[in-house]
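J.: Below: one structure in structure tokens.
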């Protein structure tokens, strides 16, 4: 795995205790358990592309004059006019 580096990480007491129990039960070390978990998370994140909202712009000159100063309530009313809502 290459070189190693020491670091300090704050972990909740309950999580640390549970991890130590699992490591002991599996005859492993806390270090090995942490490395395995971190490797799984990194692999999952590399696989899953981040969501990107596509740019959706429209050519025009902004809102129609009758909507430009309207409240959201009025815009919503105008959207549903004549649709039985």
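J.: Taking segment 1-40 as the region of interest, how many residues are within 26 Å of the chain's Cα centre (by Cα) and either outside any helix (DSSP H, G or I) or surrounded by 10 or more Cβ atoms within 10 Å (Cβ to Cβ) (or both)?
T.: 17
J.: Going by the conditions given, is residue 54 within 27 Å of the chain's Cα centre (by Cα), farther than 24 Å from residue 4 by Cβ and without any contact (Cβ under 8 Å) to a residue 40 or more places away in the chain? Spell out the reasoning first.
T.: Values: within 27 Å of the chain's Cα centre (by Cα): yes; farther than 24 Å from residue 4 by Cβ: yes; without any contact (Cβ under 8 Å) to a residue 40 or more places away in the chain: yes.
Answer is yes for this residue.
J.: While we're here: If a residue must be outside any loop (DSSP other than H, G, I, E, B) and surrounded by 10 or more Cβ atoms within 10 Å (Cβ to Cβ), how many such residues does segment 44-65 contain? Spell out the reasoning first.
T.: Filtering segment 44-65 down to residues outside any loop (DSSP other than H, G, I, E, B) leaves 44-47, 65.
Applying the additional criterion that residues be surrounded by 10 or more Cβ atoms within 10 Å (Cβ to Cβ) yields 45.
Number of matching residues: 1.
J.: Tell me which of these residue 55 doesn't satisfy, since it passes every other one: (1) on the phi < 0 side of the Ramachandran plot; (2) modelled with pLDDT of 95 or more.
T.: Tallying (1) on the phi < 0 side of the Ramachandran plot; (2) modelled with pLDDT of 95 or more, residue 55 fails exactly one: (2).
The values are calculated or read from the model by the stated rules, or taken from the named source; none is laboratory data. Small disclaimer: the values here were computed from a predicted structure and weren't measured. Positions of Cβ are backbone-derived with ideal geometry, glycine not excepted, and every protein chain shown enters the neighbour counts.
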